[in-house]
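Taking it in order: structure first as structure tokens, then the write-up.
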């Protein structure tokens, strides 16, 4: 779990220490093409390089480390499948690396030394959704803690023909402050366009957060906030109607919380 309080949200590094001690000492994963190792770096043991399709104990340790950091929400099964790929992609977007789904040897160190998440401290909103358009990430905040960091794909900024409007429109996700208005369960298909979305959460008249089969590493939607279907399942118990949603390109400046009121001392005088 990650704290989302303070002047900026701060990352608790201690939670990963035990995981990383194990990670840096495990053997290479078993796969058709064995995962490679790098030489020791500044006292670290050889760092295992992993790729989609790998299996074994190294993948299990990676999955557990990604769970502890908030990027992975699936079983620890030792299989480097699509769910693990998307968690690694979210991690790479988080730290500003190339948006790939392979785990580099130095990523173990980056995971252990995970930087500030760079999200605003909204002291009066313990539960909220932060959509970082620039990094294409969603932060789910519950009780001032980051419960999860999700890979997303938002509006692609391209022009397409809208069957509903009968004209060409530009794909884009609206920026600003919203709240979740209503939700839908399961798959729902639009009768006009034929588009099908999964577990839709509306934050405006036309846009929402929803699961989708295609969630690439870049902005590609018509304007909604796409997520993987398994992440849409995970959100069932973590979103609620009325929950604030904030969508931004760059880290917004938030006014600090007001100072606490003066408290009377034991003699009844006001402490200053």
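The values are calculated or read from the model by the stated rules, or taken from the named source; none is laboratory data. Since this is a predicted model, take the numbers as computed values, not measurements. Using ideal geometry, Cβ is built from the backbone for each residue, glycine included, and neighbour counts are taken over all protein chains shown.
General observations
- Top-ranked residue of the range 127-175 - restricted to ones that are touching a helix residue (DSSP H, G or I) at 6+ places or on another chain (Cβ under 8 Å) and not in a strand (DSSP E or B), ranked as surrounded by the fewest Cβ atoms within 10 Å (Cβ to Cβ): 135
- For the range 186-208, the set of residues classified as assigned to a loop (DSSP other than H, G, I, E, B) and closer than 21 Å to residue 127 by Cβ consists of 203, 204, 207, listed by residue number.
- Lone qualifier among 195, 187 - being modelled with pLDDT of 95 or more and either more than 22 Å from the chain's Cα centre (by Cα) or surrounded by fewer than 14 Cβ atoms within 10 Å (Cβ to Cβ) (or both): 187
- Residue check for residue 163: at pLDDT 95 or above and assigned by TED's automatic domain parsing to the domain that holds residue 206: no
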